[in-house]
Each structure stands twice: as C-alpha cells, then as structure tokens.
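Worksheet for the structure shown next.
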Amino acid sequence: MPFQLGCSETVRTIGFTWGIGGVLFILLFAIYRLTPMALALENFPMSIFHWAALLISIVYMAYAEGYKGFHLGFAPRVVLRAFYLQENPRLAHVALAPIFCMGFIYATKRRQLLSIGLTLMIVCFIILVRLMPQPWRGILDAGVVVGLSFGILSIIYFIYLAKNKPEAISTTAEVPGDNWRLQSS
C-alpha cells in the first residue's frame, strides 16, 4: 500500500491548494505568453478577411476550448480530483498535485491516455502556430487566450459549485477502481 500521509488539515489544504493553484498557474502562464502575440495584431494591417477570421477564432475557441473542453470536461474533473486529494492525501500525490489534478497520475488508464494524448496534440498545435506569420498567429492566439480564460473561470465556478451544491457536478474524479464524487455536506 502506498504511503498515506496523516490526515492533518494542513496537509489536506496543501494538496488542494497546490493542485488547483498549479493548474491555474499553468493556464495563466499560457495566457501571459500568448496575449502579446494577440495584442500585436494592432501593428498589422488587417483586411475584412482577417477580421472575420479573428471573430471566428474567438467564437470557436470560446465554444470548443472554453465551453466544451474546459467547462464540460477539464474544469469539473480538476476540481473533483483536488477535493479527492484533499480527502485522500498521499505524499507523491500532494507533491505532484497539479499533474494529479490534470489526470496524468493516479487516474484510470483511459484518463491517463486521454490526458497524455491531448497534451501531445496541444504541443504539436503550439509548434505549428509558432511557425505561422502574423496576423495569423495573433488571430489564433487571441482565440486560445479567450478559451484559456474561460477555463480559469470554469475552474473557479466549479470550486464554488463543489462547496455549495456538489450534487450538481456530474463528473467523477476518474481515480483507479473508484467512481469517486463529492458528497453533499
């Protein structure tokens, strides 16, 4: 049996805070890195075609990345896994809380494969977008910034929901051998 930490409130709080805080930091850092490229669009002459592409990029990424990806999938799972970690702290899981919350470790095989596959796809997308000239790179980056911002807001929303109406979260934590869910207080 893996080493399980004592159930002190401090350890539970560290696991939860480090998990959520680490994931939010990763998303905020990505926004920080991409925003200058999106804002650099003001330095490039843009045709009506470019403006249409910008609008499509923002709307599409708000829906596909922000709503479908983050709000319906990633955000509730991250929050549930953080609460699971808070209730079941293990040394390795607390130390690696952000990647625990994202489903890279101590997750079902399906969740681990999906998390790894999605990450590899994102890395390939990043490499391809970096090769694009402006204004196209800025157009795509603007959409990604909107989607990531939606993701941050979704995580905050699900933390609030988990504390006030946990039965409203229909996702599971996807931990091995368990369909763990938050219980109403």
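The values are calculated or read from the model by the stated rules, or taken from the named source; none is laboratory data. Note that the coordinates shown come from a computational prediction; the quantities given were computed from them, not determined experimentally. In this analysis, Cβ positions are derived from the backbone assuming ideal geometry, glycine residues included, and neighbour counts consider all displayed protein chains.
Of all residues in segment 106-147 being under 14 Å from residue 175 (Cα atoms) and surrounded by 15 or more Cβ atoms within 10 Å (Cβ to Cβ), which is nearest to the chain's Cα centre (by Cα)?
Selected residue: 115.
Would you confirm whether any residue within segment 71-83 is over 15 Å from the mean Cα position of the chain (by Cα) and of a type in the set (A, V, I, L, M)?
The answer is no; no qualifying residue exists.
Can you tell me which of 28, 72, 55, 34 is in a helix (DSSP H, G or I) and either modelled with pLDDT under 95 or crowded, with 16+ Cβ neighbours inside 10 Å (or both)?
Only one candidate passes the filter, namely 34.
Given the structure, is residue 105 farther than 24 Å from residue 143 by Cβ and either touching a Ser or Thr at 6+ places or on another chain (Cβ under 6 Å) or part of a loop (DSSP other than H, G, I, E, B) (or both)?
Considered against the rule, which asks whether it is farther than 24 Å from residue 143 by Cβ and either touching a Ser or Thr at 6+ places or on another chain (Cβ under 6 Å) or part of a loop (DSSP other than H, G, I, E, B) (or both), residue 105 comes out as yes.
Mind checking which pairs have a first residue in segment 94-110 that is free of Cβ contacts under 8 Å to residues at least 40 places away in the same chain and a second that is surrounded by fewer than 18 Cβ atoms within 10 Å (Cβ to Cβ) and polar (S, T, N, Q), Cβ under 9 Å, 6 or more apart or different chains?
Note: pairs meeting the criteria are 104/112; 104/119; 105/112.
Only one of 159, 139 is of a type outside the set (S, T, N, Q), within 18 Å of residue 76 (Cα to Cα) and assigned to a helix (DSSP H, G or I). Can you tell me which?
Result: 159 is the single residue among 159, 139 that is of a type outside the set (S, T, N, Q), within 18 Å of residue 76 (Cα to Cα) and assigned to a helix (DSSP H, G or I).
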